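The values are calculated or read from the model by the stated rules, or taken from the named source; none is laboratory data. Here the structure is a predicted model, which means the values were calculated and not measured. Backbone-built Cβ (ideal geometry, glycine too); neighbour counts: all protein chains shown. Note: accessible area is taken over every heavy atom of the protein model, side chains too, but ligands, DNA and RNA are not part of it. Shrake-Rupley method; radii C 1.70, N 1.55, O 1.52, S 1.80 Å.
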Amino acid sequence: MNPRITLGVARRVLTQIRRDHRTAAMLLVLPCLLMTLLWWMFVDSPVQFFDRLGPGLLALFPFIIMFLVTSVTTLRERSSGTLERLLAMPMGKLDFLLGYAIAFGVVAAIQSALAVALSVGLLGLDVQGPIWLLTVVAIADAVLGSALGLFVSAFATTEFQAVQFMPAFVVPQILLCGLFIPREQLPPVLEAISNVLPLSYATDAMKTLSTTSATGDVWQDVAIVTAFALAALGLGAATLRRRTP
Amino acid sequence: MVRIIHRMMKNSVEVRDLVVRRGGREVLKGIGFTIEEGSVTGLLGPSGCGKSTLMRALVGVQQLTSGSVQVFGEEAGTSALRSRIGYVTQEVSVYDDLTVAENLTFFAKVLGVSGDKVDESIGAVDLQSQADQVVGRLSGGQRSRASLAVALLGSPDLLVLDEPTVGLDPVLRRDLWKLFHQIAARGAAVFVSSHVMDEADRCDRLLLMREGVIIADDTPDGIREKTRTDDIESAFLSLVEDTGDAA
Ligand SMILES: Nc1ncnc2c1ncn2[C@@H]1O[C@H](COP(=O)(O)OP(=O)(O)OP(=O)(O)O)[C@@H](O)[C@H]1O
Ligand SMILES: [Mg+2]
């Protein structure tokens, strides 16, 4: 591993995102628009659904978006020959993966900061815990999404396949993460499954933040999400082969 | 005679009994040859004969079935070799959404070479006026030159070029071959593949390949002499007939 190369990769990825105005705009504006839509849905409702669902969605958006963006970008890198060229150069596999993780972490930080600022500042989302911690959790979720996206891109041979991994890998996690029904109320088998899915901990962290000001549990959840992300990056490194058949 | 001279030069690459299977088929069927430093060696053969596969084996990104590939005395693909080899894949492998200069700056950072080399490489492939243009909006030939420029960045001791002159006009092709010879004159080994036989005479030495086998390994003159033909295309056909008879 070499910090010069890792940061070089991160910078290059950020330049590519900046160059693609439409993607850049979608990355930054879309979560804000979706939060606004959610707020609008419940604006006449007597029950505080926005407060209940909002924090979970703040965890979800960076995860989903980063998963998609990363799996497609790295697949493009694999199929265009640039990855083959990089791996024939003095580039460590971890340099490549961490470079991507850093770049998308930065995007996620900006994305989440905007979505959180809008939700808490303008839309009146009720958050008990420290607001900056909400952003930290969102960044961890984004890095997790990136790491899983990197990992699954190894199993796709076309961009079309890569996009299909989204319903396969992501939707079950969304269903079981506790957003629709508290995880304790799931059938025991599903609850056990939800216990080993990373998004459950991301959602738990957001929920805790919205209901209490104690941060101990939140940090524990963030640690679990980070551990999942690192494990996915490790698996991703294992799927990056210098020699291919 | 020629062979004796070859032995006296230092070998950059030594390939022995190389067999590679891809997709269940034997693509390289027990190949052996050497590449000397300070020369331009051409790899010629029809489409699908295994040129790209062989080049991938030299740079260490191809899984080998058996045999060995040694580069500068080390197993191909070891980490010490990675900064000494410049590789241009057959498809253009640069980032379409970055400018030529941005692409080269990135690869320069990976290789750990200074920014001066970026300008130098852009100049070598004659892309100065396109340096700030996004690669995706360049012509096919300009894009392949951008890809070539990346391989020149690290002043490699071995340059492996997979069909670098496809789709280029005659003037540019001549200039690039001149550049390859300049690089070789500085002591590097240059290994260039092509499936157009009329580039044969630009090489110091030729490997003719067919269906995963090397059917000739000599200077262009040597090959013509041996097959009693006037051009490499006829020589190739004559060699194919000979090997066809033998099989
Ligand atoms: N990824 C792959 N998986 C399986 N088989 C492959 C793969 N790539 C190439 N092949 C097969 O290996 C053989 C040699 O391919 P290769 O790309 O080395 O040919 P080539 O001489 O470079 O051809 P061209 O001049 O068209 O580039 C071909 O028959 C091809 O079908
Ligand atoms: Mg080829």
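Within 8 Å of chain A (Cβ to nearest Cβ), within 16 Å of ligand 1 (Cβ to nearest atom) and buried (at least 23 other Cβ atoms within 10 Å of the Cβ): which single residue out of B:59, B:94 fits that description? Outline the logic, then answer.
Working: B:94 fails: within 16 Å of ligand 1 (Cβ to nearest atom).
Sole residue among the options that is within 8 Å of chain A (Cβ to nearest Cβ), within 16 Å of ligand 1 (Cβ to nearest atom) and buried (at least 23 other Cβ atoms within 10 Å of the Cβ): B:59.
Matching residues to (1) away from chain A (no Cβ under 12 Å); (2) touching a residue at least 40 places away in the same chain (Cβ under 8 Å); (3) of a type in the set (Asp, Glu); (4) within 16 Å of ligand 2 (Cβ to nearest atom):
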position	(1), (2), (3), (4)
B:141	yes, no, no, no
B:154	no, yes, no, no
B:157	yes, yes, yes, no
B:172	yes, yes, no, no
B:175	yes, yes, yes, no
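Could you list, in sequence order, all residues of segment A:122-142 that are within 27 Å of residue A:96 (Cα to Cα) and open to solvent by 40 Å² or more (accessible area, probe 1.4 Å)?
Going residue by residue through segment A:122-142, those that are within 27 Å of residue A:96 (Cα to Cα) are A:135-142.
Correct list: A:136, A:139.
Within segment A:195-215, track down each residue that is without any contact (Cβ under 8 Å) to a residue 40 or more places away in the chain and among the polar types (S, T, N, Q).
Quick first cut of segment A:195-215, residues without any contact (Cβ under 8 Å) to a residue 40 or more places away in the chain only: A:195-197, A:200-201, A:204.
Answer for segment A:195-215, where residues must be without any contact (Cβ under 8 Å) to a residue 40 or more places away in the chain and among the polar types (S, T, N, Q): A:195, A:200.
Which residues, taken from segment B:169-193, are among the hydrophobic types (A, V, I, L, M, F, W, C) and within 16 Å of ligand 1 (Cβ to nearest atom)?
Applying the first criterion (among the hydrophobic types (A, V, I, L, M, F, W, C)) to segment B:169-193 yields B:171-172, B:176-177, B:179-180, B:183-185, B:188-192.
Selection gives B:191, B:192.
It is to be established whether one or more residues within segment B:223-245 are touching a residue at least 60 places away in the same chain (Cβ under 8 Å) and of a type in the set (Val, Ile, Thr).
First, the residues of segment B:223-245 that are touching a residue at least 60 places away in the same chain (Cβ under 8 Å): B:232, B:236.
From the residues that got through so far, the ones that are of a type in the set (Val, Ile, Thr) too are B:232.
Scanning segment B:223-245, I find at least one residue that is touching a residue at least 60 places away in the same chain (Cβ under 8 Å) and of a type in the set (Val, Ile, Thr), so the answer is yes.
Residues that are touching a helix residue (DSSP H, G or I) at 6+ places or on another chain (Cβ under 6 Å), open to solvent by 80 Å² or more (accessible area, probe 1.4 Å) and not hydrophobic (A, V, I, L, M, F, W, C): list the helices (runs of 4 or more DSSP H) wholly contained in segment B:166-247 that include at least 1 such residues. If you could, list the steps in order and put the result at the bottom.
Details: elements: B:170-185, B:220-227, B:232-246.
Counting at least 1 such residues, we get B:232-246.
Looking at B:82, B:137, can you tell me which residue is away from every other protein chain (no Cβ under 11 Å) and away from ligand 2 (no atom under 16 Å from the Cβ)?
Details: B:82 fails: away from every other protein chain (no Cβ under 11 Å).
Sole residue among the options that is away from every other protein chain (no Cβ under 11 Å) and away from ligand 2 (no atom under 16 Å from the Cβ): B:137.
Restricting attention to segment B:30-56, and to residues there that are more than 12 Å from the chain's Cα centre (by Cα) and within 11 Å of ligand 1 (Cβ to nearest atom), which single residue is surrounded by the most Cβ atoms within 10 Å (Cβ to Cβ)?
B:50
Any idea which residue in segment B:15-29 is nearest to the other protein chains (Cβ to nearest Cβ), counting only those that are open to solvent by 10 Å² or more (accessible area, probe 1.4 Å) and within 16 Å of ligand 2 (Cβ to nearest atom)? Reasoning before the result, please.
If we filter segment B:15-29 for residues that are open to solvent by 10 Å² or more (accessible area, probe 1.4 Å), which is where we start, we get B:16-17, B:19, B:21-27, B:29.
Subsequent filtering for residues that are within 16 Å of ligand 2 (Cβ to nearest atom) retains B:22-23, B:25, B:27.
Working: B:22: 6, B:23: 8, B:25: 11, B:27: 10 Å.
The qualifying residue nearest to the other protein chains (Cβ to nearest Cβ) is B:22.
In segment B:97-122, how many are closer than 13 Å to residue B:146 by Cβ, more than 7 Å from every other protein chain (Cβ to nearest Cβ) and not polar (S, T, N, Q)?
Qualifying residue count, segment B:97-122: 6.
For segment A:62-82, check the following and say yes or no: at least one residue is touching a Lys or Arg at 6+ places or on another chain (Cβ under 7 Å), within 14 Å of chain B (Cβ to nearest Cβ) and outside any helix (DSSP H, G or I).
First, the residues of segment A:62-82 that are touching a Lys or Arg at 6+ places or on another chain (Cβ under 7 Å): none.
Looking through segment A:62-82, none of the residues is touching a Lys or Arg at 6+ places or on another chain (Cβ under 7 Å), within 14 Å of chain B (Cβ to nearest Cβ) and outside any helix (DSSP H, G or I).
Would a scan of segment B:94-103 turn up a residue that is free of Cβ contacts under 8 Å to residues at least 12 places away in the same chain, over 30 Å from residue B:34 (Cβ atoms), of a type in the set (D, E, K, R) and out of contact with any Leu (no Cβ under 8 Å at 6 or more places or on another chain)? Let's see the steps before the verdict.
Just the residues of segment B:94-103 that are free of Cβ contacts under 8 Å to residues at least 12 places away in the same chain, to begin with: B:102.
Subset that is over 30 Å from residue B:34 (Cβ atoms): B:102.
So of that shortlist, the ones also of a type in the set (D, E, K, R) come out as B:102.
Going one step further and asking which of them are out of contact with any Leu (no Cβ under 8 Å at 6 or more places or on another chain), we end up with B:102.
Yes, the conditions are met somewhere in segment B:94-103.
How many of the residues making up segment B:177-200 are within 16 Å of ligand 2 (Cβ to nearest atom) and under 13 Å from the mean Cα position of the chain (by Cα)? So that I can check it myself, show each step before the final result.
Going residue by residue through segment B:177-200, those that are within 16 Å of ligand 2 (Cβ to nearest atom) are B:191-197, B:199.
Okay, now just the ones that are also under 13 Å from the mean Cα position of the chain (by Cα), so B:191-195, B:199.
Number of matching residues: 6.
Please give the helices (runs of 4 or more DSSP H) falling wholly within segment B:1-116 in which 3 or more residues are within 24 Å of residue B:213 (Cα to Cα). Break it down into steps so the answer makes sense when it comes.
Details: elements: B:2-8, B:51-59, B:100-111.
Fully inside segment B:1-116 and qualifying: B:2-8, B:51-59.
Okay, residues lined up against (1) open to solvent by less than 90 Å² (accessible area, probe 1.4 Å); (2) modelled with pLDDT under 90:
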residue	(1), (2)
A:1	no, yes
A:11	no, no
A:15	yes, no
A:48	no, yes
A:51	yes, yes
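With the structure loaded, tell me whether residue A:45 is outside any helix (DSSP H, G or I), among the polar types (S, T, N, Q) and away from chain B (no Cβ under 14 Å) or whether it fails that test.
Working: outside any helix (DSSP H, G or I): yes; among the polar types (S, T, N, Q): yes; away from chain B (no Cβ under 14 Å): yes.
Yes.
Considering only segment B:128-165, how many residues are farther than 24 Å from residue B:80 by Cβ, open to solvent by 10 Å² or more (accessible area, probe 1.4 Å) and more than 16 Å from ligand 1 (Cβ to nearest atom)?
So the count comes out to 15.
Tally up the residues in segment A:1-27 that are in contact with a Leu (Cβ under 6 Å, 6 or more places away or on another chain) and either away from every other protein chain (no Cβ under 14 Å) or not in a helix (DSSP H, G or I) (or both), please. Break it down into steps so the answer makes sense when it comes.
Within segment A:1-27, the first condition is being in contact with a Leu (Cβ under 6 Å, 6 or more places away or on another chain), and the residues that meet it are A:1, A:6.
Retained after the next criterion (residues that are either away from every other protein chain (no Cβ under 14 Å) or not in a helix (DSSP H, G or I) (or both)): A:1.
Of the residues in that region, 1 qualify.
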